[in-house]
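Here is the structure we will look at.
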Amino acid sequence: MRKSIQSTLGIVLSLVLILGLTACAGPSKKDRSLQETMRAYEHSIRWSRMENINNYLKEPIEFSAEMHEKLKHIQVTSYRLLSRTLRKNEINQLVEIQYYHDQNATVRTITDAQKWEYDEEEEAWFLISKPPKFK
């Protein structure tokens, strides 16, 4: 009887230990990918590295010479997450972006509604919505 109790207790403790270690393993690959993608995308917008935006778009866009010239003069001063809704493989978030054109001192604010989707095959998050339009 003691051996069966000890055996059962040993199994229970082993399962608790395994579950505890699994819970402490940290964020999943998908969660890490989300954090890295959001940080890198924000960095690209924040530091006006618009040429990097296509790295995050599910359907890349073609930047004309005129668009490149216009974006060279945009200086982002703030990128602030207002809200985020998470679903299994989808994120909708609202971001407030403040910027100015370096040839005038008027600070403008736009609200960017972003839709992101996780691609299981590529194990990466992609922006489905259009990038922000700076005026």
Considering SER48, SER83, which residue is in contact with a helix residue (DSSP H, G or I) (Cβ under 9 Å, 6 or more places away or on another chain) and among the hydroxyl-bearing types (Ser, Thr, Tyr)? SER48
Report, by residue number, each residue of the range 74-108 that is within 18 Å of the chain's Cα centre (by Cα) and farther than 18 Å from PRO131 by Cα. THR85, LEU86, ARG87, LYS88, ASN89
Considering only residues that are out of contact with any strand residue (DSSP E or B) (no Cβ under 7 Å at 6 or more places or on another chain) and part of a loop (DSSP other than H, G, I, E, B), which ones fall in the range 108-130? GLU120, GLU121, GLU122, GLU123, LYS130
Subset of the range 122-135, residues closer than 22 Å to GLU90 by Cβ and either modelled with pLDDT of 95 or more or surrounded by 13 or more Cβ atoms within 10 Å (Cβ to Cβ) (or both), comes to ALA124, TRP125, PHE126, LEU127, ILE128, SER129, LYS130, PRO131, PRO132
Within the range 40-64, residues among the charged types (D, E, K, R), part of a loop (DSSP other than H, G, I, E, B) and closer than 23 Å to GLU123 by Cβ come out as LYS58, GLU59
Show the residue pairs that are 6+ apart or on different chains and have beta-carbon atoms under 7 Å apart, the first residue being within the range 110-131 and over 17 Å from ILE53 (Cβ atoms), the second being outside any loop (DSSP other than H, G, I, E, B) and at pLDDT below 95. TYR118/LYS30; GLU123/LYS29; GLU123/SER33
How many of the residues making up the range 65-97 are in a strand (DSSP E or B), aliphatic (A, V, I, L, M) and closer than 21 Å to GLU51 by Cβ? 4
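The values are calculated or read from the model by the stated rules, or taken from the named source; none is laboratory data. Everything numeric in this text was worked out from a predicted model, so none of it was measured. Using ideal geometry, Cβ is built from the backbone for each residue, glycine included, and neighbour counts are taken over all protein chains shown.
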